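**Student:** I have a structure I would like to understand better, so I am pasting it below and will then ask my questions one at a time.
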Amino acid sequence: MTVRRRILLFQLVTFVFVGVVVGLMLTTLKLTDEFVNRIDGVHSRFEAISELDGLGNNYAEQLAEVLLLGPEQMPDFQLARQKMAEGFRVLAEVTRKEFATLGSLGAVQQELPEIEFAARLQEFYQAIDQAAERVFQAQAAGRQDRAVDIFRRSIEYRLSNDFETMIGDARQEERGEVAEELVRVRSTQHTVLLVAGVFSVLAVVAGLGLGLTLHHSIVRPVRLLVAGAEAIARGQLDHRIETGRRDEFLVLSQSFNKMAEAIELQRASLTSAQVRLEREVDQRTRELRQANDQLLELDGKRSQFLADASHELRTPLTILRGEAEVALRARPKLASLRDALNRIQLYAADMARLLEDLIDFTRSEIDDVTYDFETVEAETVVIAAVHETEILAQQKEMEVQLLSRASKQLIRADPRRLKQALMIGIDNAIKYADPGGMIDIDICCSDDILVLTIRDHGCGIDPAELPFVFDRYYRGRNNASRAAKGLGIGLPIARTIVERHGGTIALGAAPKRGAVLTIRLPIAERKIACES
């Protein structure tokens, strides 16, 4: 038998025992209620009969006073007569209630003499009351002796002997009925107690037997499970529970063994994962160290950038202040003032360009630059950039020329931002080109890609510097030799702009002499088709 069935059997025995106890309690309560109702009815009937006894004596006394004192005592007699009628009504009501409490036909038949007694008693009183009427008639006829004789023979004697005898018999009968009820209740109590005792003994024996069976069925398997859990907790993952039972604990033991196997496999997997994680942590640690070194290098570049920015801003400001002081001395000539203003204008333009680079750099750092894309002709943007950089080329007696064009070639771009990237490339070419030289700009198409090239005929670029030209703050070694001014942030800004347009930018050495900046952008028709 499985443990579940044993528990169900134990519960069934418990429920049956509880049901029997409840039944016995209800039976006892019912018997007690019947006994209380029965005794209450008998007591009420006893009181009604005793009350009739007193009312009968009062009836006889009031009738005697009418005979002795005259008709003036009739109201008291009438009151005594009404009380007698009320007493008989109470007796009938009590008798009816007592019959209502009887549950069986035998009990009703047993109590029928009480109804007959009440009827006989009332008939006896009516006979006495009729005799009282005859007394009043004889007294009214002036036959006082006749009235007294009727009172003594038909009323006083019958009330004193027959009526009281009937009342006494009725009292004795009620006492006997109470005694019989007590005997019946005690007998029933003994029976109930005997049944309860026998059933309690049986229930205790059955409960102990089932309890011991459950104890033996549960304790040993639980001990085995506890021992297995403790072994698993100590790390003995090869521990298994062996059991020959065929109940729920067999299933539980099998589940425990499967769990132990799963934990063992998981432990092996975790060990392998731990090894991989340690290797990965080592790798990430090395990467973090490299990143930290790069951050330190970047921090150094930032410090250098601040120093360069301070130097670049301090020198023009000093020159501007000196030129202003020269112009303000005494009464300078117009030519001197014009020269001073030209120099001030040049240095102010340098400072403006420097500040513009700083602003663009800051915006690109925080990615706060907004782009307004539209479909435009690439040639229009290039021509605008060439036009705005002509003044820079003129300062070095250089010329910017557009070699080939791609008319009506459309691209998706922010014209202002793209022109800024082109101007950075042209300005960078002007810085490193030889004075009096040429800056060549070319526009062509290749595989649905628009290619823009900006080429100078200057000193060129060292191949070792090519991997760093787009790093922020980087200024090549040719920077000092060419006295080119800048913070090393122009090309990084240009790369950011081009990449935001979905293109690429690269700087390399020209075939013969100088450097070439190549910008590749997707053509508008292809880009729109891909998006759709």
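What follows is calculated from the coordinates using simple rules that are stated; it is not laboratory data. Everything numeric here is computed off the predicted structure, so don't read it as measured data. All Cβ positions, even for glycine, are placed from backbone atoms using ideal geometry, and neighbour counts span all protein chains on display.
**Student:** If packing is taken as the average count of other Cβ atoms within 10 Å, what order do 75-82, 20-27 fall into, highest mean first?
**Tutor:** Going from most to least packed, we get 75-82, 20-27.
**Student:** Sort the following peptides by mean Cβ neighbour count (other Cβ atoms within 10 Å, averaged over residues), highest first: 417-427, 450-460, 276-286, 228-238.
**Tutor:** Top of the packing list down: 417-427, 450-460, 228-238, 276-286.
**Student:** Follow-up. At 0.36 nm per residue, minus the direct Cα-Cα distance, what do His43 and Gln266 gain on full extension? Give it in nm, one decimal, please.
**Tutor:** Taking 0.36 nm per residue and subtracting the Cα distance, the gain is 71.7 nm.
**Student:** Now a separate question. Based on the mean of other Cβ atoms within 10 Å per residue, sort peptides 45-51, 130-136 so the most packed one is first.
**Tutor:** 45-51, 130-136
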